[in-house]
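Worksheet: the structure to be examined is printed underneath.
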Amino acid sequence: MMDIPELDAHIAKYIQGGFGPADMAIMKEECEKLKPGDVYVEIGVDEGRSARVAHEYCHPDVYKIFIDIHDPTHTPNLNRAEFMEQEGIVGLGKTGFYIHGDADVLSEFIILNKVKLLFIDGHHNYDSVKQNTLKWEPFMKTGSVMLFHDYDHPETKRFLDEHYGNKKEVLHGKIVRVRK
């Protein structure tokens with residue numbers, strides 16, 4: 001298993017992104033709490049940095065679902081799906097799944113009701129953060145954690161402040177943790 005600086009350097013060879021070492025440390029802490037059979041869902045994968053971190057630090061038998069509406073091309077010419085396959089995140093015999101589509105539409109027919117860790121980093125406008133939260137919150141298992149990225153974005157902050165008030169933790173000024 002790579003430590004955070006090694007993983008950050010490894011990922012940087014393939015993709016960019018705004019998910020840095022401080023964010024990685026929080027993700028590592030939460031992923032290491034997950035047990036085999038738990039479910040991790042990530043909405044808004046962007047280029048895949050946070051997905052790669054979850055893959056590194058979650059137990060191999062944690063089910064990891066990565067959802068994004070866009071699939072950017074990486075350097076050198078890898079799209080997200082190819083990067084995830086190259087890194088062993090998804091593929092035959094793997095517990096990781098990449099879904100190229102709308103997370104909120106998916107939530108209408110997925111019947112999990114046992115998500116242990118949810119990371120929301122989709123669009124940062126008020127309505128999108130609200131919709132992602134309200135669509136996926138019902139699937140959270142008792143004792144689970146929801147993480148929200150980019151709390152420093154004004155509209156993300158406004159929704160989270162209104163919806164969770166003092167029931168949230170702000171970590172490093174960028175990530176919000178809500179325990180369910």
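The values are calculated or read from the model by the stated rules, or taken from the named source; none is laboratory data. In this text, all values refer to a predicted model and were calculated from it rather than measured experimentally. Neighbour counts are summed over all protein chains in view; Cβ atoms, including those assigned to glycine, are modelled from backbone coordinates with ideal geometry. These accessible areas exclude ligands, DNA and RNA; they are computed on the full protein's heavy atoms, side chains included. Shrake-Rupley method; radii C 1.70, N 1.55, O 1.52, S 1.80 Å.
Annotations for the structure displayed:
- Exactly one residue out of Tyr151, Tyr126 is open to solvent by 10 Å² or more (accessible area, probe 1.4 Å), of a type in the set (Phe, Trp, Tyr) and touching a Leu at 6+ places or on another chain (Cβ under 9 Å), and it is Tyr151.
- All positions within region 26-58 that are surrounded by 21 or more Cβ atoms within 10 Å (Cβ to Cβ) and of a type in the set (Gly, Ala, Ser): Gly44, Gly48, Ser50, Ala51, Ala54
- Qualifying residue in region 40-62 (condition: of a type in the set (S, T, N, Q), in contact (Cβ under 8 Å) with a residue 24 or more places away in the chain and in a loop (DSSP other than H, G, I, E, B)): no
- The single residue among Val145, Val129, Val115 that is closer than 24 Å to Asp3 by Cβ and modelled with pLDDT of 90 or more turns out to be Val145.
- Qualifying residues in region 129-148 (those that are among the basic types (Lys, Arg) and in contact with a helix residue (DSSP H, G or I) (Cβ under 8 Å, 6 or more places away or on another chain)) - the one least open to solvent (accessible area, probe 1.4 Å): Lys135
- Residue check for Lys33: assigned to a loop (DSSP other than H, G, I, E, B) and at pLDDT 95 or above: yes
- Meets criteria (touching a residue at least 24 places away in the same chain (Cβ under 8 Å) and surrounded by 18 or more Cβ atoms within 10 Å (Cβ to Cβ)) for Asp71: no
- Single unsatisfied condition, Leu92 versus (1) over 17 Å from the mean Cα position of the chain (by Cα); (2) surrounded by 15 or more Cβ atoms within 10 Å (Cβ to Cβ): (2)
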